[in-house]
Amino acid sequence: MQRITILILVLFTCLGSAEWLHAQRPTLPPNVNRITPHFPHKPGAPQVPQLPQRVGPASARESASQEVVWVTCPQEAEALGALCGNVPVPLDRNDPAQGTINIYFELYVHYGPGPAESALLVNGGYPGLATSGNRGVILYMLGAVLDAHDILLTDDRGRGLSGTIICNDLQYGKIAFDPAVAECAAQLGSADSWYGTGDIAQDTEAVRAALGYDKVDYYGNAYGAGDVAAYATRFGSHLRSIVLDGPFGTPLLDESRFVNERWSVESIPRIVTLDCQRSPTCSADHPSLEAELDSLIWTVRLNPVEGDAYDANGNPVHVRLNEETLLSYVLDSINVSGTFTNIGEVLAAADSLWWGDSRPLLRLGAEWYAPLDYANNGDPTYVSMGAKEATPCVDMHEPWNWSDPVPERTDQFANALSALPLGYFAPFSKEAVTSELFDSLGRDCLYWEKPTPSSPMTPPQATYPSTPTLLLTGDLDNVIPTPLVREVAALFPNSTVVPMAGAGHLSIFWSQCARNLASGFIETLQVGDTTCARTPETIWAAVGRFPLVAANARPAEVDPSGQNQIGLAERKVVTVAVAAATDALQRSIVGISNGGVGTGVGLRAGTFQTTFDASGNQTTTLTNCAFATDVTVSGPVTWGTDQSFVADLAVSGAGTAGGTLHVEGTWQAPGPVGNFKVSGTLGGKQVAALVPEA
């Protein structure tokens, strides 16, 4: 399984003051895989919705059966007005003598008059992740339906508060990963076959029935879509609507085992191309995008790039970028802070490499570099690493015999890989795609056990119901790319696929349009107007070039509304000065996403430090930062919660006559790309220039 830090709640950790960041950040698992939810940086978004006063908790209790055991809610859920309880279900449905497991739920009752039209079930995807632990995110994203629908959050068995699997060595990184997986399987014994998605669907049905709902809506993202498929093919008569977002589905359970990886890597050139083409800064310098990317892959495959670089928090890292690490640390679009920093910079970094400057590329590698060892993964009731193995390892069709020992399984895995056509993962090699770094569904299952048959994700010859179904897919998603989403959609006879321009994995975390479409569909069972999905809400900032000196930069345009006096050379200085400021903002976001506080170093020199005010406005102060070696920039850059951008920069260095610049505009703002307006003086001459905002 890929062992790279991917944040689960970047949405929350990028808000408010620095003190708020530290106080609100949950314990984060430092090593989770590529089907993990990933939330983009959106300054100023509320932590949780302001829910209206709701009515009906008493009636909700009265309609429940005696099977429900009502319990005191966790403090966070109680503050949001939840009702909490357990429903006991058989641990092993083939052998009731094995006892029961309590399935924990939180019920958020609608605030409108009359009975609820339905209950909305939500599954956040990543196996091992507690649904209840992400209540704030879920209510923020989908809380609009609470006018007429209850929201029912159920923790899947083995995770959250539903009989959490706690394997100490695996959870807390006490020993090496592979032995820890084997030890966890041994700890569970015969139970390690009882946590498959088929069993989870039956648990969900037990909770629905116990609470007395006839109809439920079901939202599932990523691997959570497998939960929806499992439920739909068993209990479809109770489904009122389905919304799937970046969905994992049964097409990925193929016997070949490598389907997801193939679709994922095939989509990377398309995603790099889309991201660059939408940026006026990047597109101007890269007319042959896929050819450039292919050349970079071949370059590092034949001659790995090695050296020292700083990560986004200013820590020195020794990096070796070969094809495997280029794919996993740089090109995998999920490995970003929510702004596609690496995807937007990789072509410019490749161009610099070919001119003998490896610093930009090594920096990209350093920012997501992580060792192949699991560390302490924190509270198992938030993410259970045991459940992370127990569910997908029994769901997937693996190319080995479970009854064979690990060495023989390893040979069978290698043989299956060898049998694939030579260009199966083009433009990448088999070795890079199936490495421990990138492999999304896990060689680690080699060390799991399956002593008894598990309940499959969907029954044999499954029939999918004609329930109205909406599938959302980000066109910048390489985790579950759009072609795979369409294969999942083909299983649901009454489905509509809506691609979301400019969105990455899990559209509702990137797009208000996606959130509106999802909520509206649940309310009306109609897809509605999808015009908003066709245009990116945000054009992500990308880079056209990393000039070693200012003379190699693209010049800023003259602002016709001002009185510009500087010539071509100083207009290039304007470009690199603005780039130094936006580069520091990008690094501060990545750094905060990786657990830092927004303090780091400039590309060529200098440092920056980030603070937040009480309203969430971000100020990043540069001290002698250099985007090009011969121009240094100092001064504050304020990025507001409304995406406004204001910078006052002192500019000096061998490449300029020096002076001060005032920069105004927006950054990562919804709508078309505008220009930063730059004023001030350089060499005593008035500046009136324009630089693209992305």
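What the table shows:
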item: Every residue from the range 541-567 that is within 13 Å of Phe627 (Cα to Cα) and polar (S, T, N, Q); result: Asn552
item: Residue that is surrounded by the most Cβ atoms within 10 Å (Cβ to Cβ), among those in the range 638-691 that are of a type in the set (A, V, I, L, M, F, W, C) and not in a strand (DSSP E or B); result: Trp667
item: The range 203-225, subset assigned to a loop (DSSP other than H, G, I, E, B) and among the charged types (D, E, K, R), residue farthest from Thr469 (Cα to Cα); result: Asp214
item: Checking Val573 against (1) surrounded by 17 or more Cβ atoms within 10 Å (Cβ to Cβ); (2) closer than 29 Å to Leu274 by Cβ; (3) modelled with pLDDT of 95 or more, the condition it does not meet; result: (2)
item: Flag if Arg278 is more than 26 Å from Asn594 (Cα to Cα), out of contact with any helix residue (DSSP H, G or I) (no Cβ under 8 Å at 6 or more places or on another chain) and of a type in the set (D, E, K, R); result: yes
item: Only one of Val597, Val601 that is over 23 Å from Ile539 (Cα atoms) and in contact with a His (Cβ under 9 Å, 6 or more places away or on another chain); result: Val597
item: Boolean, Ile165 is in a loop (DSSP other than H, G, I, E, B), of a type outside the set (Asp, Glu), buried (at least 23 other Cβ atoms within 10 Å of the Cβ) and in the same structural domain as Asp214 (by TED's automatic domain parsing); result: yes
item: Residues of the range 491-502 that turn out to be out of contact with any strand residue (DSSP E or B) (no Cβ under 7 Å at 6 or more places or on another chain) and closer than 24 Å to Ser279 by Cα, as a count; result: 1
item: Members of the range 97-151 found to be out of contact with any helix residue (DSSP H, G or I) (no Cβ under 8 Å at 6 or more places or on another chain), over 21 Å from Arg240 (Cβ atoms) and of a type in the set (Gly, Ala, Ser), listed by number; result: Ala97, Gly99, Ala130, Gly133
item: Extreme residue, modelled with the lowest pLDDT, among residues of the range 387-423 that are buried (at least 18 other Cβ atoms within 10 Å of the Cβ) and β-branched (Val, Ile, Thr); result: Val394
item: Qualifying residue in the range 174-193 (condition: of a type outside the set (Ser, Thr, Tyr), in a loop (DSSP other than H, G, I, E, B), surrounded by fewer than 24 Cβ atoms within 10 Å (Cβ to Cβ) and in contact with a helix residue (DSSP H, G or I) (Cβ under 7 Å, 6 or more places away or on another chain)); result: yes
item: Conditions (1) surrounded by 19 or more Cβ atoms within 10 Å (Cβ to Cβ); (2) at pLDDT 95 or above; (3) farther than 21 Å from Ala541 by Cα; number of the one not met by Thr299; result: (1)
item: Qualifying residue in the range 218-238 (condition: surrounded by fewer than 24 Cβ atoms within 10 Å (Cβ to Cβ), touching a strand residue (DSSP E or B) at 6+ places or on another chain (Cβ under 7 Å) and in the same structural domain as Thr154 (by TED's automatic domain parsing)); result: yes
item: Members of the range 606-620 that are under 15 Å from Ala580 (Cβ atoms) and surrounded by 18 or more Cβ atoms within 10 Å (Cβ to Cβ); result: Gly606, Phe608, Thr610, Thr620
item: Single residue of the range 623-637 satisfying the filter (in contact with a strand residue (DSSP E or B) (Cβ under 6 Å, 6 or more places away or on another chain) and within 25 Å of Thr538 (Cα to Cα)) that is surrounded by the fewest Cβ atoms within 10 Å (Cβ to Cβ); result: Pro636
item: Looking only at the range 477-490, and only at residues there that are touching a strand residue (DSSP E or B) at 6+ places or on another chain (Cβ under 9 Å) and hydrophobic (A, V, I, L, M, F, W, C), the one that is surrounded by the most Cβ atoms within 10 Å (Cβ to Cβ); result: Ile480
item: Residue pairs meeting the criteria (Cβ under 7 Å; at least 6 apart or on separate chains; first among the small types (Gly, Ala, Ser), in the range 568-593; second part of a helix (DSSP H, G or I) and buried (at least 24 other Cβ atoms within 10 Å of the Cβ)); result: Ser593/Val10
item: Matching entry among Ala533, Ala541 (being farther than 21 Å from Phe608 by Cβ and either part of a helix (DSSP H, G or I) or of a type in the set (A, V, I, L, M, F, W, C) (or both)); result: Ala533
item: Residue satisfying condition, being closer than 30 Å to Val181 by Cα and modelled with pLDDT of 95 or more, within set Thr452, Thr458, Thr496; result: Thr458
item: Qualifying position, being farther than 13 Å from Val687 by Cα and out of contact with any Asp or Glu (no Cβ under 6 Å at 6 or more places or on another chain), among Thr575, Thr538; result: Thr538
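The values are calculated or read from the model by the stated rules, or taken from the named source; none is laboratory data. All of these numbers come straight from a predicted model, not from anything done at the bench. Quick reminder, even Gly has a Cβ in these numbers, built from the backbone with ideal geometry, and neighbours come from all protein chains shown.
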